[in-house]
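Accompanying notes for the structure given below.
The values are calculated or read from the model by the stated rules, or taken from the named source; none is laboratory data. For clarity, every value in this text was computed on a predicted model and none was experimentally measured. As a convention, Cβ positions derive from the backbone with ideal geometry for all residues, glycine included, and neighbour counts pool all protein chains shown.
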Amino acid sequence: MGEVIPLDDFNAEQVADLNQRHGAPLAPGPLAQLMALLHGHPYLVRRALYLVAGGLMPVERVLVQAASDYGPFGDHLRYHLFRIVDNMALRAGLRQVIRSNRCDDEKTSRLLIAAGLVRQENGALRPRCPLYAAYFGEHLDG
C-alpha cells in the first residue's frame, strides 16, 4: 500500500531552468514552442533537452517529428497507444476528450487521468498536452 501523490507538469519557469541546467541548448523561441507542444510534461521535456543538448537531434527536428512513430517521442507514444488500443472504452473516451474536451463515462475519465493521458482544467477534460492530442487524434481509428 502506498499513497498516490499527483505530480504537476513543469511550468514555463521550471522548463527554462531545466534548459539552463542543460547548458541552454534552446533559444527562447524554440523553448516556447517546446513548452506549447509538451505542456511541461516532465519526461518529454527532459527527453527533448537530452536529445538537443547532447547533439543527438536538432530542436527543429524534435519539433517537426514530435508526433511521428519514429520521432523523438515515438517509443513513449506507442507505449501509451498499445496500453489503450484494445480497450474500446478508453479509446472512445480519449477520442471524445480530443474532439470535445469531455468524456461522458466517469470511470473512463478517471482511468485516462490516472494513465496520464488526460488532465482536468477548469471543469473540462483536455489531452495532457498538444502532442498527445495530435498523436492520438491520428492513431485512434474513428
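From Val97, Val59, Val85, Val64, which residue is touching a strand residue (DSSP E or B) at 6+ places or on another chain (Cβ under 7 Å), free of Cβ contacts under 8 Å to residues at least 60 places away in the same chain and of a type in the set (A, V, I, L, M)?
Val97
Among the residues of segment 59-93, write down those that are under 14 Å from the mean Cα position of the chain (by Cα) and among the hydrophobic types (A, V, I, L, M, F, W, C).
Val62, Leu63, Ala66, Ala67, Phe73, Leu77, Leu81
Report, by residue number, each residue of segment 100-119 that is out of contact with any strand residue (DSSP E or B) (no Cβ under 8 Å at 6 or more places or on another chain) and more than 27 Å from Gln65 (Cβ to Cβ).
To start, the set of residues in segment 100-119 that are out of contact with any strand residue (DSSP E or B) (no Cβ under 8 Å at 6 or more places or on another chain) comprises 100, 104-108, 110-111, 114-116.
Ser100, Asp104, Asp105, Glu106, Lys107, Thr108, Arg110, Leu111, Ala114, listed by residue number.
Answer yes or no as to whether Ala36 is assigned to a helix (DSSP H, G or I), surrounded by fewer than 17 Cβ atoms within 10 Å (Cβ to Cβ) and in contact (Cβ under 8 Å) with a residue 60 or more places away in the chain. Let's see the steps before the verdict.
On the way: assigned to a helix (DSSP H, G or I): yes; surrounded by fewer than 17 Cβ atoms within 10 Å (Cβ to Cβ): yes; in contact (Cβ under 8 Å) with a residue 60 or more places away in the chain: yes.
Spelling it out, Ala36 is indeed assigned to a helix (DSSP H, G or I), surrounded by fewer than 17 Cβ atoms within 10 Å (Cβ to Cβ) and in contact (Cβ under 8 Å) with a residue 60 or more places away in the chain.
So which of Val64, Val97, Val59, Val52 ends up being under 17 Å from Arg119 (Cβ atoms) and at pLDDT 95 or above?
Numbers: Val64 fails: under 17 Å from Arg119 (Cβ atoms); Val59 fails: under 17 Å from Arg119 (Cβ atoms); Val52 fails: under 17 Å from Arg119 (Cβ atoms).
Within the list Val64, Val97, Val59, Val52, the selection yields Val97.
Considering every residue within segment 52-67, establish whether at least one is of a type in the set (A, V, I, L, M, F, W, C) and closer than 26 Å to Ile5 by Cβ.
If we filter segment 52-67 for residues that are of a type in the set (A, V, I, L, M, F, W, C), which is where we start, we get 52-53, 56-57, 59, 62-64, 66-67.
Restricting the remaining residues to those that are closer than 26 Å to Ile5 by Cβ gives none.
No, because not a single residue in segment 52-67 is of a type in the set (A, V, I, L, M, F, W, C) and closer than 26 Å to Ile5 by Cβ.
Pick from Val45, Val85, Val97: which is crowded, with 21+ Cβ neighbours inside 10 Å, of a type in the set (Val, Ile, Thr) and in the same structural domain as Arg126 (by TED's automatic domain parsing)? Can you show your working first?
Values: Val45 fails: in the same structural domain as Arg126 (by TED's automatic domain parsing); Val85 fails: crowded, with 21+ Cβ neighbours inside 10 Å.
Result of the check over Val45, Val85, Val97: Val97.
Spot the failing condition for His22; the list is (1) under 17 Å from Pro130 (Cα atoms); (2) surrounded by 13 or more Cβ atoms within 10 Å (Cβ to Cβ), and only one is missed.
For His22, the exception is condition (1).
Which ranges mark the helices (runs of 4 or more DSSP H) fully within segment 51-142 that have 3 or more residues being under 24 Å from Met35 (Cα atoms), out of contact with any helix residue (DSSP H, G or I) (no Cβ under 7 Å at 6 or more places or on another chain) and of a type outside the set (Phe, Trp, Tyr)? If you could, list the steps in order and put the result at the bottom.
On the way: elements: 59-64, 74-84, 88-100, 106-114, 130-139.
Helices (runs of 4 or more DSSP H) meeting the threshold: 59-64, 74-84, 88-100.
For segment 1-33, which positions are assigned to a loop (DSSP other than H, G, I, E, B) and β-branched (Val, Ile, Thr)?
First, pick out the residues of segment 1-33 that are assigned to a loop (DSSP other than H, G, I, E, B): 1-11, 22-27.
Val4, Ile5, listed by residue number.
Within the group Leu34, Leu112, Leu77, which residue is of a type outside the set (Gly, Ala, Ser) and under 19 Å from Val15 (Cβ atoms)? Please lay out each step first, then the result.
On the way: Leu112 fails: under 19 Å from Val15 (Cβ atoms); Leu77 fails: under 19 Å from Val15 (Cβ atoms).
On inspection, the qualifying residue turns out to be Leu34.
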